[in-house]
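Reading through the structure tokens given below for one structure.
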Amino acid sequence: MALPKKKPTKPANRPRRGRREPLHKINQFIAAPMVRVVGDNVQAQVLSIQDALILAKELELDLVEISPNIDPPVCKIVDYNKFLYEQKKKMKEQKATAINNDIKEIRFGPNTDEHDVDFKLKHATKFLGEGAKVRAYVFFKGRTIVFKERGEELLMRFANKLIEDGVAKLESPPKQEGKKMIILLVPGKKK
């Protein structure tokens, strides 16, 4: 005796294929009874949704809800595809001009040798070249806290070498924070 065939079931977590919902409510999908209408060739005014749809149809454009949380909601009369294109373009520009907020740290001891400072200079130059800020600090461990002047001198020598090469600018001078003496360097002008 053969068993009856079962229908294959779809996994519950698989996304459904097909049309995605639009990012904005447009035309007849706007639910508010009254809307504030704005647009390029339209005087800003509060209209009923029917009057706003008629106005958009006369101009052969779409009515797009751009601020749904305001009373009354703001709707713009615009070509929806062009509106989406311009929004994507603005987002891309914002992403391109976003400031890189990476901060890399370089640690020294108050008795760090000159060779080690040169080695860490190479790392700092690389980080600054990538657009990151560099926080250089001298960590005073135990009784080495009595060598504050030596730590400040080390940090200033480190910063001056980077500034002379045009790689960095000093954002904050050496300052003591607990057991650390810290300076902050930002990328200099690119040649």
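Would you grab the residues whose amide H sits under 5 Å from the one on I66? Only those 5+ places off in sequence or on another chain, please, with H modelled 1.01 Å from N.
Those qualifying (amide H under 5 Å, at least 5 residues apart or on another chain) are V74, C75, K76.
If one takes the longest principal axis of the Cα atoms in the chain, at what angle in degrees, from 0 to 90 and to the nearest 10, does the Cα axis of helix 49-58 lie?
Helix 49-58 sits at roughly 90 degrees to that axis.
When only C-alpha pairs under 8 Å and at least 6 residues apart count, what is the relative contact order of the stretch 27-94, in percent? Show your work: numbers first, answer last.
Numbers: 92 pairs, mean separation 20.8, N = 68.
Taking the mean separation of contacting Cα pairs over the length of the stretch 27-94, I get 31 percent.
Report the relative contact order of the stretch 110-164, percent, no decimals, based on alpha-carbon pairs under 8 angstrom and at least 6 residues apart.
Working: 22 pairs, mean separation 27.8, N = 55.
Value for the stretch 110-164: 51 percent.
Given axes a ≥ b ≥ c from the Cα gyration tensor, I'd like to know whether the stretch 146-191 is rounded (a/c under 1.5), prolate (a/b larger than b/c) or oblate. Mind dumping the intermediate values first?
Numbers: a/c = 4.61, a/b = 2.06, b/c = 2.24.
The shape class here is oblate.
Straight-line reach from K120: which aspartates and glutamates have a Cα under 14 Å away, not including same-chain ones fewer than 8 places off?
E105
How high is the relative contact order of the chain, in percent, with contacts defined as C-alpha pairs under 8 Å that are six or more residues apart? It would help to have the intermediate numbers written out before the result.
Values: 254 pairs, mean separation 26.5, N = 191.
Worked out over the chain, it gives 14 percent.
Within the set K90/K126; K122/K161; K122/K148; K89/K169; K126/K179, which residue pairs have Cα atoms separated by over 21 Å?
Numbers: K90/K126 31 Å; K122/K161 11 Å; K122/K148 25 Å; K89/K169 33 Å; K126/K179 27 Å.
Checking Cα-Cα distances, K90/K126; K122/K148; K89/K169; K126/K179 exceed 21 Å.
If a/c stays under 1.5 just call it rounded; otherwise compare a/b with b/c (prolate if a/b is bigger, oblate if not). Do that for the stretch 103-187, with a ≥ b ≥ c from the square roots of the Cα gyration tensor eigenvalues.
Details: a/c = 1.97, a/b = 1.65, b/c = 1.20.
Prolate, since a/c reaches 1.5 and a/b exceeds b/c.
Indicate the gyration tensor shape class of the stretch 27-94 (rounded, prolate or oblate), computed on the Cα atoms with a ≥ b ≥ c the square roots of the eigenvalues: a/c under 1.5 is rounded; otherwise a/b larger than b/c is prolate and the rest oblate. Could the numbers behind the result be given before it?
Numbers: a/c = 2.05, a/b = 1.51, b/c = 1.36.
Here the stretch 27-94 falls in the prolate category.
Given N residues in the stretch 89-144, what is Rg(Cα) / (2.2 N^0.38 Å)? Kindly include the intermediate steps, with their values, before the conclusion.
Working: Rg = 16.4 Å, N = 56, 2.2 N^0.38 = 10.2 Å.
Its radius of gyration relative to the 2.2 N^0.38 Å reference: 1.61.
Coordinate-derived values only; no laboratory data. Since this is a predicted model, take the numbers as computed values, not measurements.
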